[in-house]
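Report on one structure; see the data block that follows.
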Amino acid sequence: MSNIISKADMFKITGCKCNDPEGQKRSLKANGIPFSVNCKGEPLLTWTVYNQALLTRRTSTPAANGDKLPAGFNLAAAS
C-alpha cells in the first residue's frame, strides 16, 4: 500500500473531482494541509502529512490574533 493519497481519496478529502486540481489545492490550503504538486499540477499528499495536519488542528487552540497555540497554553497567565 502506498503512503501517497489516491485520487479517489483526494476527492473524498477535498470534495473536488480529479479533473479539478486547482479546487483540490484551494481546499487543502484553506484547511492548512501542506502538499506537493506533481508535473501535471495535481496536489500530492501522503497519509502521514494529512494525519499530522489533522492532529495539529485538534490539539491547537486559536489565539485572538489567529495564531495557533498549544493546547492548555494560557496567554493571560503570562501577562
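The values are calculated or read from the model by the stated rules, or taken from the named source; none is laboratory data. This structure is a prediction, so every number in the text was calculated from the model and none was measured. Surface areas here come from the heavy atoms of the whole protein model, side chains and all, with no ligands, DNA or RNA. Shrake-Rupley method; radii C 1.70, N 1.55, O 1.52, S 1.80 Å.
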Just reorder THR48, THR56 by solvent-accessible area, largest first, 1.4 Å probe, all chains present.
THR48, THR56
On a full-extension model of 0.36 nm per residue, what is the gain between LEU44 and ASN31, subtracting their alpha-carbon distance, rounded to one decimal in nm?
3.2 nm
